[in-house]
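Following: one structure in structure tokens, then a few remarks.
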Amino acid sequence: MGDTDRDTPMRLAAFEHVRRLGEVHDHLTATELKPGFIFEGERIPLINPQRGIFKPQQMRFLLSIRTVFPRPGGRVWYDDQREVHRQIFQADETVEYAFMGQDPDAADNRWLREAYEHRIPIIYFLGIAPGRYQAFLPAFISGWDGRALKAKVAFGLPDQDTPALPDTPLERRYALRAVKQRLHQASFREAVIAAYNGRCALSGLPEPLLLDAAHIIADRNEQLGQPMVPNGIPLSKIHHAAFDAHLIGIDPDYQLHVSERLLGLHDGPMLETLKRLDGGTIKLPDRIKDYPDRDRLALRFERFKVLAS
């Protein structure tokens, strides 16, 4: 089987491998990406750790592009929203991707052009925090400009059996909206959990894989539901469920309240652990600017008082 014949099944195997990784991990790191994947008994890399544009030697066409989230210079990374994130949220159909270097005919940039000319589906590993990525697939190089030294990236429709570049503006906008929503959720989660040093604000549980970023005010509220650290609290899965069900409340002074419904139950150690939270206070982040917003907590707590009795 020639390189051209192998390219498509190898590409689909890469997509399936990355999708499976996404089912297990909230984000991907070098630990998950460096091993690559196995195709017909051979290990195929997913990325080049030193470069953002990658084509395995076993494949004819580009497999992946990557945008690294810069490491902070002595500051928490969420303070400055990075350009690629801003661009995605402001875009209508496509986003830009910079060439490697200044030579449009360099190998990496030719791979971008070939992917554009042949409408090749690729994987976009987008940095959401230093060393952490979300994988968006399929993505497509939908434009190539040798003078501007930039390519355009469009995203495919989710859940397609056969990856295909959306042909209409409506389809491209729909696909990009799905990317925006997922990026919003991933960035918010990373920011909130990082601000609290990877621990649950109620229990102190130090395992980020078991934590959610709970909104104080839901993101459907356009005025107060913004994806910012003061509108979030890191909670374990069970505490998040209890908070969303108004079984646990947090007042503007960061004190915890357990609903009468829970306090009146007697059924096992997990329930007793939740009941013991009553009257305690949440664990706060290191920086005052990251503390939960008191006005948002006050609004949420009024709702708790109505529903918890």
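Listed conditions (1) outside any loop (DSSP other than H, G, I, E, B); (2) farther than 24 Å from residue 279 by Cα are all met by residue 158, apart from (1). Condition check: open to solvent by 30 Å² or more (accessible area, probe 1.4 Å), of a type in the set (Gly, Ala, Ser), at pLDDT 85 or above and within 22 Å of residue 117 (Cα to Cα). Does residue 98 satisfy that? When the stated conditions are applied, residue 98 passes them.
Find the residue count for region 111-131, including only residues that are outside any loop (DSSP other than H, G, I, E, B), closer than 24 Å to residue 13 by Cβ and either at pLDDT below 90 or not β-branched (Val, Ile, Thr) (or both).
As a first pass, look at region 111-131 and keep what is outside any loop (DSSP other than H, G, I, E, B): 111-118, 121-129.
Keeping just the survivors that are closer than 24 Å to residue 13 by Cβ gives 111-112, 114-118, 121-126.
Right, trim to either at pLDDT below 90 or not β-branched (Val, Ile, Thr) (or both) and you get 111-112, 114-118, 121, 124-126.
Residues that pass the stated criteria total 11.
Would you point out the residue of region 133-172, among those that are charged (D, E, K, R) and either more than 29 Å from residue 102 (Cβ to Cβ) or touching a strand residue (DSSP E or B) at 6+ places or on another chain (Cβ under 6 Å) (or both), that is least open to solvent (accessible area, probe 1.4 Å)? My answer is 172. Residue count for region 232-247, restricted to those that are under 21 Å from the mean Cα position of the chain (by Cα) and buried (at least 23 other Cβ atoms within 10 Å of the Cβ): 4. Applying a threshold of 6 Å to beta carbon distances and a minimum spacing of six or more residues, or different chains, the list of pairs starting in region 160-182 at a residue that is in contact (Cβ under 8 Å) with a residue 24 or more places away in the chain and ending at one that is surrounded by 19 or more Cβ atoms within 10 Å (Cβ to Cβ) and assigned to a loop (DSSP other than H, G, I, E, B) reads 163/156; 172/166. Of the residues in region 248-262, none is open to solvent by 70 Å² or more (accessible area, probe 1.4 Å), over 24 Å from residue 28 (Cα atoms), aliphatic (A, V, I, L, M) and modelled with pLDDT under 95. May I ask you to verify whether residue 175 is open to solvent by less than 40 Å² (accessible area, probe 1.4 Å), part of a helix (DSSP H, G or I) and small (Gly, Ala, Ser)? Here the answer is yes, as residue 175 does meet what is asked. Of all the residues in region 179-201, those that are more than 25 Å from residue 299 (Cα to Cα), open to solvent by 40 Å² or more (accessible area, probe 1.4 Å) and part of a loop (DSSP other than H, G, I, E, B) number 1.
Taken together, 128, 120, 141 contain a single residue that is under 27 Å from the mean Cα position of the chain (by Cα) and over 30 Å from residue 191 (Cβ atoms), which is 120.
Which members of region 7-60 meet the condition of being basic (Lys, Arg), assigned to a loop (DSSP other than H, G, I, E, B) and either over 17 Å from residue 137 (Cα atoms) or open to solvent by less than 30 Å² (accessible area, probe 1.4 Å) (or both)?
Of the residues in region 7-60, the ones basic (Lys, Arg) are 11, 19-20, 34, 43, 51, 55, 60.
Next cut, assigned to a loop (DSSP other than H, G, I, E, B) only: 34, 55, 60.
Hits for region 7-60 are 34, 60.
Any residue that is under 31 Å from the mean Cα position of the chain (by Cα), modelled with pLDDT of 85 or more and of a type in the set (D, E, K, R) - is there at least one of those in region 219-226? No, region 219-226 contains no residue that is under 31 Å from the mean Cα position of the chain (by Cα), modelled with pLDDT of 85 or more and of a type in the set (D, E, K, R).
The values are calculated or read from the model by the stated rules, or taken from the named source; none is laboratory data. Just so we're clear, the structure is a prediction, and the values are computed from it rather than from any experiment. Counting neighbours? That spans all protein chains shown, and the Cβs are built from the backbone with ideal geometry, glycine included. SASA here: full protein model, heavy atoms, side chains in, ligands and nucleic acids out. Shrake-Rupley method; radii C 1.70, N 1.55, O 1.52, S 1.80 Å.
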